[in-house]
Amino acid sequence: MSALRRLSLVTAGESHGPGLTAILSGLPAGLRVDLDLLARDLARRQHGHGRGHRMKIERDHAEIRGGVRDGETLGSPVALWIENRDWANWRGVMDPQAVDPEAAARRRLHAPRPGHADLAGGEKYLRTDLRDILERASARETTARVAAGAFAKMLLRALGVEIRSGVRTLGGIGAGRPTPAWEQLLAVDDGSPLRAIHRDLEPEMVALVDDAKARGETLGGAVTVIAHGVPAGWGSHVAWDTKLDGRLTAALMSIPAIKAVEIGHALEIVHGPGSAAHDALGLDAGGRFARATNRAGGLEGGITNGEDLVLTAYKKPISTLREGLPSIDLDTLGPARSQYERSDVTAVPAAGVIAEAMVALVLADAALEKYGGDSLTELLAHAAASERCRATWLVR
Ligand SMILES: Cc1cc2nc3c(=O)[nH]c(=O)nc-3n(C[C@H](O)[C@H](O)[C@H](O)COP(=O)(O)O)c2cc1C
């Protein structure tokens, strides 16, 4: 099952190959392309205290190679190309046609890293150089997702939906704090070292990252993503694969190293009684349905309920450790330490930006499913008509 039903996203490219391609099809015609948003999100993905040397080499820029004319989408597939600057250093190892055997042998991966796709992928694709697995399993691929996600954000913005994220916990710091709300994410400073939701905890988090780096350790954490302005009625309870909770969590779980996704206050409410788990219904001052709390995180029955959509993704510590982990050398089948590959100490802030992109893609897809339309004009007209229907639903 793809988490996407109306849109489709294909990415291609290896971490140290010539570059990355993203092809996003299913967007309506007439969407104005915001190049600043695209550039900003790619830069935000590169940012964060604890990233490795690679992020100093790259200056990610997405070149539009299809689907857009004179700054507007055409309804045809949007093709994006992001060059890998590091490719210049890897030509002999990663050339698509002919590698330099000596250079390739020097960079051969034969002592797989626990926690990575290295060994499982080698066994599956029968590759004896596990670099053939590493290169695609690397989170470098998420650059292409972020570029495509920026287009999804453009569509959502036209519908009044905004998405933001922040680092909720890092290395356990912040774990006791309650689920954040939209206003807290609005206050997250993209220029801060870790994009922390709780600024008071950030110095402690930065110190922990420095300490982990000094010790050759790595760290994980949690990011919260909130979509604000999503109307009620996206997604559906009617079938297992139309439920938006499943589609959103599948998309977030597909981000490398994300091991769990929480909707709303799920990890708090499961331990308490039902009376403290749900959101009391009422009417706001304008006579619209409203909930006193948002423990459900904006989803009931797999359908958006008009409250903020709140998702927290939990990322495991980076699997590449400087001193390696117990492994097996594929050449000797004897014990070995896993090989080291230049690596981040932590990438939790970047995971937040990738999570925004994945949530944007699923929500844009749900919006297209709900409203349809070949052009943005049609889509917006359908959305307005849908709102009118909902407003008069109970008027007799
Ligand atoms: C933004 C980002 C950057 C990452 N950087 C690294 C890294 O430098 N080194 C590493 O070993 N893993 C890194 N990872 C995690 C691996 O990509 C991931 O653990 C691996 O592909 C295995 O996938 P799985 O953990 O989902 O099974 C990163 C993940 C993300 C989201």
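Overview of values
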item: Candidate set: segment 27-45, residues that are buried (at least 18 other Cβ atoms within 10 Å of the Cβ) and of a type outside the set (A, V, I, L, M, F, W, C); chosen: the one farthest from the ligand (Cβ to nearest atom); result: G30
item: Answer residue from segment 232-257, given it is within 16 Å of the ligand (Cβ to nearest atom) and part of a loop (DSSP other than H, G, I, E, B) and is nearest to G115 (Cα to Cα) among those; result: A257
item: Meets criteria (of a type in the set (A, V, I, L, M, F, W, C) and under 14 Å from V353 (Cβ atoms)) for A144; result: yes
item: Scope segment 341-396; condition within 30 Å of R322 (Cβ to Cβ), of a type in the set (S, T, Y) and in contact with a helix residue (DSSP H, G or I) (Cβ under 7 Å, 6 or more places away or on another chain); matching residues; result: T346
item: Residue match in segment 96-107 (condition: within 14 Å of the ligand (Cβ to nearest atom), small (G, A, S) and modelled with pLDDT of 95 or more); result: no
item: Test: residue in segment 168-191 that is farther than 20 Å from G372 by Cα, among the basic types (K, R), crowded, with 23+ Cβ neighbours inside 10 Å and touching a helix residue (DSSP H, G or I) at 6+ places or on another chain (Cβ under 7 Å); result: no
item: Hey, R127 away from the ligand (no atom under 15 Å from the Cβ), out of contact with any strand residue (DSSP E or B) (no Cβ under 9 Å at 6 or more places or on another chain) and not in a helix (DSSP H, G or I) or not; result: yes
item: Candidates L325, L309, L363 - the one that is farther than 20 Å from A150 by Cα, more than 9 Å from the ligand (Cβ to nearest atom) and in contact (Cβ under 8 Å) with a residue 24 or more places away in the chain; result: L325
item: Lone unmet requirement of (1) on the phi > 0 side of the Ramachandran plot; (2) modelled with pLDDT of 95 or more for V270; result: (1)
item: Members of segment 5-33 that are under 19 Å from A383 (Cβ atoms) and among the aliphatic types (A, V, I, L, M); result: L7, L27, A29, L31
item: Residue in segment 359-396 that is nearest to V225 (Cα to Cα), counting only those that are part of a helix (DSSP H, G or I) and polar (S, T, N, Q); result: S386
item: Subset of segment 77-103 (residues that are small (G, A, S) and either in contact with a strand residue (DSSP E or B) (Cβ under 7 Å, 6 or more places away or on another chain) or surrounded by 14 or more Cβ atoms within 10 Å (Cβ to Cβ) (or both)); result: A79, G92, A103
item: Positions within segment 173-195 being closer than 21 Å to P256 by Cβ and either out of contact with any Leu (no Cβ under 7 Å at 6 or more places or on another chain) or modelled with pLDDT under 95 (or both), in sequence order; result: R195
item: Pair list, Cβ < 6 Å and 6+ apart or interchain, from segment 263-276 residues that are part of a helix (DSSP H, G or I) to residues that are surrounded by 14 or more Cβ atoms within 10 Å (Cβ to Cβ); result: I269/A277; I269/R295
item: T332 vs. criteria surrounded by 19 or more Cβ atoms within 10 Å (Cβ to Cβ), more than 14 Å from the ligand (Cβ to nearest atom) and over 17 Å from the mean Cα position of the chain (by Cα); result: no
item: Qualifying residue in segment 66-76 (condition: on the phi < 0 side of the Ramachandran plot, within 16 Å of the ligand (Cβ to nearest atom), of a type in the set (A, V, I, L, M) and in a strand (DSSP E or B)); result: no
item: Meets criteria (within 11 Å of the ligand (Cβ to nearest atom), in contact with a strand residue (DSSP E or B) (Cβ under 8 Å, 6 or more places away or on another chain) and either polar (S, T, N, Q) or at pLDDT 95 or above (or both)) for V348; result: yes
item: Odd one out for G48 among (1) within 16 Å of the ligand (Cβ to nearest atom); (2) without any contact (Cβ under 8 Å) to a residue 40 or more places away in the chain; result: (2)
item: In segment 214-231, the residues that are more than 16 Å from the ligand (Cβ to nearest atom), small (G, A, S) and surrounded by 15 or more Cβ atoms within 10 Å (Cβ to Cβ); result: A227, G229
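Rundown of residues vs (1) without any contact (Cβ under 8 Å) to a residue 40 or more places away in the chain; (2) assigned to a loop (DSSP other than H, G, I, E, B), yes/no style:
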{"residue": "A22", "(1), (2)": "no, no"}
{"residue": "L27", "(1), (2)": "no, yes"}
{"residue": "R44", "(1), (2)": "no, no"}
{"residue": "G52", "(1), (2)": "no, yes"}
{"residue": "I64", "(1), (2)": "yes, no"}
{"residue": "I82", "(1), (2)": "no, no"}
{"residue": "A103", "(1), (2)": "yes, no"}
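The values are calculated or read from the model by the stated rules, or taken from the named source; none is laboratory data. Predicted, not measured: the structure shown is a model, and the values here were computed from it. Neighbour counts run over all protein chains shown; Cβ positions are idealised from the backbone, glycine included.
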